[in-house]
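Some notes on the structure that comes next.
The values are calculated or read from the model by the stated rules, or taken from the named source; none is laboratory data. All values derive from a computational prediction rather than experimental measurement. Positions of Cβ are backbone-derived with ideal geometry, glycine not excepted, and every protein chain shown enters the neighbour counts. We work out accessible area using only protein heavy atoms, side chains counted, and drop any ligands, DNA or RNA first. Shrake-Rupley method; radii C 1.70, N 1.55, O 1.52, S 1.80 Å.
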Amino acid sequence: MVDPRIETARGRSLLETLPEPLPAERIIALNQPGTDLHSHREYEWNGLRFEAPPGVFLPGHTSRMIYDRLFDGRIEVRGRRYVAMGVGLGVETVAAGLAGARRIHAVDVHPDSVTTAAHHFERHVAPAGSPVFVPVVADVFEGFPEGVQSDLITFNPPAVSHPVSDDPDIVRNVCVGAPLLERFFTQLAEREILAPGGEVFVVASTTADLRGIVGHALVHGFVPEVRDLHDWQDGVVTHLFRFVRGDAS
């Protein structure tokens, strides 16, 4: 086993290399919300159709960094207990179900999103025989079932570090900021939701406070690594972070 003190030291070194957020005016310009959130929309992935009721966010390109990897095995979900945090439309739960997850908790603070995710799971996965699917309406882990542990958690959080709208649905899905990740890692540690050997994958970009996010994780004993980077050629670089407990690195 790797000495956890060495892994933690590496995590702190990573923290120092992370870029600062882009200037506020650039972040706001890059994250101007669309005008169709409160209408019915459609989305397609891997030949499957998803319907988005008003208020349910469509996944963006950063979400694909999670559900494509779940589906093709770059994030291993087969036979594992999986939590999809901020589930939205539910594409990642479908990807995980098709890839052979053992149990899936679909978590969102927005009840309509949880209902929508459950509908899509039933449509695209359940007919072929599926894992246990548990819909959960929760504010991060406040409302998550007590005593449940997971082997894998993914989260593409609304971590944009500046407000881009007064619409509460847009704020909920875009710009809550790093404090949301502080609650996420605090609750994850206090409730011991991550099973031994478990992994947490978080997507965040240079529109967010990356150092704040990773710093919160380190404080609560989660060791980070950058699993992937994507440069969108507009000043935004998206990081796919993997976190494990410091004693399980």
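Do we have His220 as at negative phi and either touching a residue at least 60 places away in the same chain (Cβ under 8 Å) or among the aromatic types (Phe, Trp, Tyr) (or both) here? Taking the combined requirement at face value, the residue does not satisfy it.
Sort out which residues of the stretch 36-80 are among the polar types (S, T, N, Q) and more than 25 Å from Val132 (Cβ to Cβ), and write them in order of number. Write out each step before concluding.
Residues of the stretch 36-80 that are among the polar types (S, T, N, Q), as a first pass: 39, 46, 62-63.
Correct list: Ser39, Thr62.
Scanning the stretch 179-198 for residues that are touching a residue at least 60 places away in the same chain (Cβ under 8 Å) and either of a type outside the set (A, V, I, L, M) or surrounded by 22 or more Cβ atoms within 10 Å (Cβ to Cβ) (or both) yields one hit, Phe184.
Per-residue answers, yes or no, for (1) out of contact with any Phe, Trp or Tyr (no Cβ under 9 Å at 6 or more places or on another chain); (2) among the hydroxyl-bearing types (Ser, Thr, Tyr); (3) closer than 30 Å to Ala29 by Cβ:
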residue: Arg211; (1), (2), (3): yes, no, yes
residue: Val214; (1), (2), (3): no, no, yes
residue: His220; (1), (2), (3): no, no, no
residue: His239; (1), (2), (3): yes, no, yes
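Within this structure, Ala52 passes the test of being surrounded by 18 or more Cβ atoms within 10 Å (Cβ to Cβ) and in contact with a Lys or Arg (Cβ under 8 Å, 6 or more places away or on another chain).
Of the residues making up the stretch 150-178, those that are under 27 Å from Arg69 (Cβ atoms) and open to solvent by 40 Å² or more (accessible area, probe 1.4 Å) number 5.
Only residues that are surrounded by fewer than 21 Cβ atoms within 10 Å (Cβ to Cβ) and closer than 15 Å to Thr154 by Cα were counted in the stretch 202-214, giving 0. Just one of the numbered conditions (1) surrounded by fewer than 18 Cβ atoms within 10 Å (Cβ to Cβ); (2) more than 24 Å from Ala24 (Cβ to Cβ); (3) of a type in the set (Gly, Ala, Ser); (4) in contact (Cβ under 8 Å) with a residue 12 or more places away in the chain is not true of Gly143: (4).
Selection of the stretch 114-137 for residues being in contact with a helix residue (DSSP H, G or I) (Cβ under 9 Å, 6 or more places away or on another chain) and not in a strand (DSSP E or B) yields Ala117, Ala118, His120, Phe121, Arg123, His124, Val125, Ala126, Ala128, Ser130, Pro131.
Show me the strands (runs of 3 or more DSSP E) found entirely inside the stretch 149-249 where at least 1 residues are of a type in the set (Asp, Glu) and farther than 24 Å from Ala101 by Cβ.
Per the criteria, 222-231.
Of the residues in the stretch 97-113, at least one is more than 29 Å from Glu190 (Cα to Cα) and out of contact with any Gly (no Cβ under 8 Å at 6 or more places or on another chain). Selection of the stretch 64-113 for residues being open to solvent by 20 Å² or more (accessible area, probe 1.4 Å) and either touching a helix residue (DSSP H, G or I) at 6+ places or on another chain (Cβ under 7 Å) or β-branched (Val, Ile, Thr) (or both) yields Phe71, Glu92, Leu98, Val109, His110.
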